[in-house]
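Below is one structure; the comments refer to it alone.
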Amino acid sequence: QVQLVESGGGLVQAGGSLTLSCAASGRAFSSFTMGWFRQAPGKEREFVATINWGTGGTRYADSVKGRFAVSRDNAKNTVYLQMNTLKPEDTAVYYCAADRSQTAIRRGEPNHWGQGTQVTVSS
């Protein structure tokens with residue numbers, strides 16, 4: 001049973017930084033693609049970033065490119081989302097996701113989701 005547990009959310013001022021963590025368990029994740037998504041109040045969930053656990057290849061939404069960085073720690077089975085130069089429009093619940101299929105991640109339809117962690121950026 002895949003389990004994804006996010007942590008690291010909180011309240012930060014605009015221009016600040018936060019690092020989210022996603023602790024993964026239940027499988028060997030080397031063949032998985034991990035994704036970060038977010039959902040702001042009244043809006044649909046949107047893609048933020050992905051990382052291929054095996055190759056380390058990454059991809060970002062245009063809205064976060066150059067400000068966010070996704071990485072993984074194989075020893076800790078944890079994926080990170082380093083968020084810099086945060087803006088009020090980054091306020092959302094951030095979700096970690098996992099799937100063997102990169103297509104499923106790209107479509108926002110992965111099999112496994114975490115419970116989410118709230119990020120609030122004040123102006």
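The values are calculated or read from the model by the stated rules, or taken from the named source; none is laboratory data. As the structure is a prediction and not an experimental result, all values here were calculated from the model. Note that we place each Cβ from the backbone using ideal geometry, even for glycine, and neighbour counts take in every protein chain shown. Accessible surface is based on the protein model in full, side chains and every heavy atom, while ligands, DNA and RNA are left aside. Shrake-Rupley method; radii C 1.70, N 1.55, O 1.52, S 1.80 Å.
Worth a mention:
- Region 31-64: number of residues that are within 21 Å of Leu18 (Cα to Cα), among the small types (Gly, Ala, Ser) and not in a loop (DSSP other than H, G, I, E, B): 2
- Per-region count, region 6-33, residues under 20 Å from Gln82 (Cα atoms) and either in contact with a Cys (Cβ under 7 Å, 6 or more places away or on another chain) or of a type in the set (S, T, N, Q) (or both): 8
Per-residue answers, yes or no, for (1) buried (at least 20 other Cβ atoms within 10 Å of the Cβ); (2) in contact with a strand residue (DSSP E or B) (Cβ under 6 Å, 6 or more places away or on another chain):
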residue	(1), (2)
Phe32	yes, yes
Gly35	yes, yes
Arg45	no, yes
Ala49	yes, yes
Thr55	no, no
Arg59	no, yes
Asp62	no, no
Thr78	no, yes
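- Selection count where residues are under 13 Å from Ala49 (Cα atoms), surrounded by 15 or more Cβ atoms within 10 Å (Cβ to Cβ) and either of a type in the set (Lys, Arg) or free of Cβ contacts under 8 Å to residues at least 60 places away in the same chain (or both), scope region 91-123: 1
- Picking from residues in region 65-114 that are outside any loop (DSSP other than H, G, I, E, B) and among the charged types (D, E, K, R), the one that is nearest to the chain's Cα centre (by Cα) is Arg72.
- Tally, over region 1-17, of residues that are of a type in the set (A, V, I, L, M) and either closer than 20 Å to Arg107 by Cβ or open to solvent by less than 30 Å² (accessible area, probe 1.4 Å) (or both): 3
Let's see how each residue does on (1) within 15 Å of Ala97 (Cβ to Cβ); (2) of a type in the set (Gly, Ala, Ser); (3) modelled with pLDDT under 95:
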residue	(1), (2), (3)
Gln1	no, no, yes
Gly9	no, yes, no
Gln13	no, no, no
Leu18	no, no, no
Ser21	yes, yes, no
Ala24	yes, yes, no
Phe29	yes, no, yes
Gly35	yes, yes, no
Gln39	yes, no, no
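- Filter result for Gly56 (more than 19 Å from Leu86 (Cα to Cα), without any contact (Cβ under 8 Å) to a residue 40 or more places away in the chain and in contact with a Lys or Arg (Cβ under 9 Å, 6 or more places away or on another chain)): yes
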